[in-house]
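Enquirer: Below is one structure. I have some questions about it.
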Amino acid sequence: MSESSRPAGQSAEAVLSRLAEVLASRRGGDPGRSYVARLFSKGNDAILKKIGEEATETVMAAKDGVAERIVSETADLWFHCLVMLEFHGIRPERVLEELARREGLSGLEEKASRGVATGREPASEEGKE
Ligand SMILES: N=c1c2ncn([C@@H]3O[C@H](COP(=O)(O)OP(=O)(O)OP(=O)(O)O)[C@@H](O)[C@H]3O)c2ncn1[C@@H]1O[C@H](COP(=O)(O)O)[C@@H](O)[C@H]1O
(Lines give C-alpha, C1' and ligand atoms only; values in the text may rest on other atoms or scores of the structure.)
Protein backbone atom coordinates (compact mmCIF):
# COMPACT_ATOMS: atom_id res chain seq x y z
CA MET A 1 0.00 0.00 0.00
CA SER A 2 1.53 3.33 -0.99
CA GLU A 3 1.57 6.24 1.46
CA SER A 4 -1.10 8.06 -0.59
CA SER A 5 -3.52 5.09 -0.63
CA ARG A 6 -3.29 4.44 3.12
CA PRO A 7 -6.46 5.25 5.14
CA ALA A 8 -6.33 8.26 7.48
CA GLY A 9 -4.56 7.41 10.74
CA GLN A 10 -2.41 4.84 8.97
CA SER A 11 0.49 7.08 7.98
CA ALA A 12 3.85 5.57 8.84
CA GLU A 13 4.36 8.20 11.54
CA ALA A 14 0.91 7.56 13.04
CA VAL A 15 1.55 3.81 13.16
CA LEU A 16 4.94 4.32 14.84
CA SER A 17 3.51 6.86 17.31
CA ARG A 18 0.64 4.59 18.34
CA LEU A 19 2.95 1.62 18.77
CA ALA A 20 5.34 3.77 20.84
CA GLU A 21 2.42 4.72 23.12
CA VAL A 22 1.56 1.04 23.60
CA LEU A 23 5.20 0.19 24.34
CA ALA A 24 5.44 3.03 26.89
CA SER A 25 2.27 1.75 28.57
CA ARG A 26 3.97 -1.63 29.08
CA ARG A 27 6.61 -0.18 31.43
CA GLY A 28 6.26 -1.96 34.76
CA GLY A 29 3.59 -4.20 33.25
CA ASP A 30 2.98 -7.88 33.98
CA PRO A 31 5.66 -10.00 32.19
CA GLY A 32 3.17 -12.88 32.20
CA ARG A 33 0.64 -10.92 30.12
CA SER A 34 2.80 -8.77 27.87
CA TYR A 35 5.75 -9.70 25.65
CA VAL A 36 7.00 -6.11 25.80
CA ALA A 37 6.72 -5.92 29.60
CA ARG A 38 8.69 -9.19 29.71
CA LEU A 39 11.44 -7.74 27.53
CA PHE A 40 11.58 -4.55 29.64
CA SER A 41 11.86 -6.64 32.82
CA LYS A 42 14.77 -8.60 31.31
CA GLY A 43 16.59 -5.34 30.49
CA ASN A 44 18.84 -3.75 27.90
CA ASP A 45 21.00 -6.79 27.07
CA ALA A 46 17.95 -9.01 26.41
CA ILE A 47 16.47 -6.36 24.09
CA LEU A 48 19.78 -5.97 22.25
CA LYS A 49 20.05 -9.76 21.90
CA LYS A 50 16.63 -9.81 20.23
CA ILE A 51 17.70 -7.01 17.86
CA GLY A 52 20.77 -9.05 16.92
CA GLU A 53 18.65 -12.15 16.28
CA GLU A 54 16.07 -10.26 14.23
CA ALA A 55 18.80 -8.50 12.22
CA THR A 56 20.31 -11.88 11.37
CA GLU A 57 16.88 -13.26 10.40
CA THR A 58 16.31 -10.19 8.21
CA VAL A 59 19.63 -10.75 6.46
CA MET A 60 18.78 -14.42 5.87
CA ALA A 61 15.35 -13.50 4.48
CA ALA A 62 16.88 -10.93 2.16
CA LYS A 63 19.43 -13.50 0.96
CA ASP A 64 16.50 -15.81 0.07
CA GLY A 65 14.73 -12.90 -1.60
CA VAL A 66 11.15 -13.84 -0.66
CA ALA A 67 9.29 -10.53 -0.25
CA GLU A 68 6.79 -11.73 2.39
CA ARG A 69 9.57 -13.04 4.62
CA ILE A 70 11.66 -9.92 4.14
CA VAL A 71 8.70 -7.76 5.20
CA SER A 72 7.90 -9.99 8.19
CA GLU A 73 11.49 -10.14 9.46
CA THR A 74 12.02 -6.41 8.90
CA ALA A 75 8.85 -5.74 10.91
CA ASP A 76 10.26 -7.91 13.74
CA LEU A 77 13.54 -5.97 13.55
CA TRP A 78 11.87 -2.54 13.54
CA PHE A 79 9.56 -3.60 16.38
CA HIS A 80 12.48 -4.66 18.58
CA CYS A 81 14.34 -1.42 17.72
CA LEU A 82 11.25 0.48 18.88
CA VAL A 83 11.30 -1.50 22.15
CA MET A 84 14.98 -0.52 22.55
CA LEU A 85 14.18 3.15 21.87
CA GLU A 86 11.39 3.14 24.47
CA PHE A 87 13.70 1.40 26.96
CA HIS A 88 16.04 4.39 26.57
CA GLY A 89 13.22 6.93 26.67
CA ILE A 90 13.60 7.89 23.02
CA ARG A 91 10.52 8.51 20.85
CA PRO A 92 10.55 7.12 17.29
CA GLU A 93 9.70 10.63 16.04
CA ARG A 94 13.28 11.60 16.91
CA VAL A 95 14.60 8.97 14.51
CA LEU A 96 12.17 10.15 11.82
CA GLU A 97 13.38 13.73 12.41
CA GLU A 98 16.97 12.56 12.03
CA LEU A 99 16.14 10.81 8.75
CA ALA A 100 14.29 13.93 7.57
CA ARG A 101 17.33 16.04 8.49
CA ARG A 102 19.46 13.81 6.29
CA GLU A 103 17.10 14.02 3.31
CA GLY A 104 18.99 15.12 0.22
CA LEU A 105 22.37 14.82 1.94
CA SER A 106 24.45 12.32 0.01
CA GLY A 107 26.05 9.66 2.20
CA LEU A 108 29.32 10.28 0.37
CA GLU A 109 29.12 14.05 1.03
CA GLU A 110 28.32 13.42 4.69
CA LYS A 111 31.29 11.09 4.94
CA ALA A 112 33.54 13.71 3.33
CA SER A 113 32.32 16.33 5.82
CA ARG A 114 33.66 14.07 8.56
CA GLY A 115 37.09 14.34 6.95
CA VAL A 116 36.97 10.87 5.41
CA ALA A 117 38.03 10.72 1.77
CA THR A 118 35.39 9.72 -0.77
CA GLY A 119 36.20 7.42 -3.67
CA ARG A 120 38.43 4.44 -3.39
CA GLU A 121 40.12 4.06 -0.02
CA PRO A 122 43.78 3.03 0.39
CA ALA A 123 44.26 -0.76 0.50
CA SER A 124 44.56 -0.76 4.30
CA GLU A 125 41.17 0.95 4.58
CA GLU A 126 39.30 -1.50 2.32
CA GLY A 127 36.30 -3.19 3.90
CA LYS A 128 35.90 -0.42 6.51
CA GLU A 129 32.80 1.10 4.84
N1 LIG B 1 4.49 -5.63 16.84
C2 LIG B 1 4.64 -6.44 17.75
C3 LIG B 1 5.46 -7.61 17.60
N4 LIG B 1 6.17 -8.06 16.56
C5 LIG B 1 6.76 -9.19 16.97
N6 LIG B 1 6.39 -9.48 18.26
C7 LIG B 1 6.78 -10.62 19.08
O8 LIG B 1 8.18 -10.70 19.08
C9 LIG B 1 8.53 -12.04 19.29
C10 LIG B 1 9.58 -12.38 18.24
O11 LIG B 1 10.28 -13.36 18.72
P12 LIG B 1 10.70 -14.59 17.81
O13 LIG B 1 10.16 -14.50 16.44
O14 LIG B 1 12.16 -14.70 17.94
O15 LIG B 1 9.90 -15.74 18.52
P16 LIG B 1 10.16 -16.35 19.94
O17 LIG B 1 11.08 -17.48 19.76
O18 LIG B 1 8.78 -16.65 20.45
O19 LIG B 1 10.83 -15.19 20.83
P20 LIG B 1 11.72 -15.38 22.13
O21 LIG B 1 11.04 -16.40 23.04
O22 LIG B 1 13.09 -15.79 21.67
O23 LIG B 1 11.73 -14.00 22.74
C24 LIG B 1 7.29 -12.91 19.16
O25 LIG B 1 6.82 -13.27 20.45
C26 LIG B 1 6.31 -11.95 18.49
O27 LIG B 1 4.96 -12.19 18.84
C28 LIG B 1 5.59 -8.49 18.67
N29 LIG B 1 4.97 -8.31 19.87
C30 LIG B 1 4.20 -7.19 20.01
N31 LIG B 1 4.03 -6.26 19.00
C32 LIG B 1 3.24 -5.02 19.24
O33 LIG B 1 3.40 -4.67 20.62
C34 LIG B 1 2.12 -4.54 21.21
C35 LIG B 1 2.22 -4.90 22.68
O36 LIG B 1 2.51 -6.29 22.80
P37 LIG B 1 2.38 -7.00 24.22
O38 LIG B 1 3.25 -6.27 25.16
O39 LIG B 1 2.79 -8.44 24.05
O40 LIG B 1 0.93 -6.88 24.61
C41 LIG B 1 1.19 -5.43 20.39
O42 LIG B 1 -0.13 -5.01 20.47
C43 LIG B 1 1.75 -5.23 18.98
O44 LIG B 1 1.23 -4.01 18.44
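Enquirer: Ignoring ligands, DNA and RNA, what percent of the 1.4 Å accessible area of region 20-90 is carbon and sulfur?
Expert: C and S fraction of accessible area: 58 percent.
Enquirer: For Leu19, Leu77, Leu108, give me the order by solvent-accessible area with a 1.4 Å probe, most accessible first, ignoring ligands, DNA and RNA.
Expert: Heavy-atom accessible area, descending, gives Leu108, Leu19, Leu77.
Enquirer: Once a ≥ b ≥ c are taken as the square roots of the eigenvalues of the Cα gyration tensor of region 20-90, is the result rounded (a/c under 1.5), prolate (a/b larger than b/c) or oblate (a/b not larger than b/c)?
Expert: Because a/c hits 1.5 or more and a/b exceeds b/c, region 20-90 counts as prolate.
Enquirer: How much net charge surrounds Met84 when only other residues with a Cβ under 14 Å from its Cβ are counted (Lys, Arg +1; Asp, Glu -1)?
Expert: +2
The values are calculated or read from the model by the stated rules, or taken from the named source; none is laboratory data. The structure presented is a predicted model; accordingly, all values stated were derived computationally and were not measured. Glycine also receives a Cβ, built like all others from the backbone with ideal geometry; neighbour counts cover every protein chain displayed. Remember, those area values only see protein heavy atoms, side chains included, never the ligands or the DNA or RNA. Shrake-Rupley method; radii C 1.70, N 1.55, O 1.52, S 1.80 Å.
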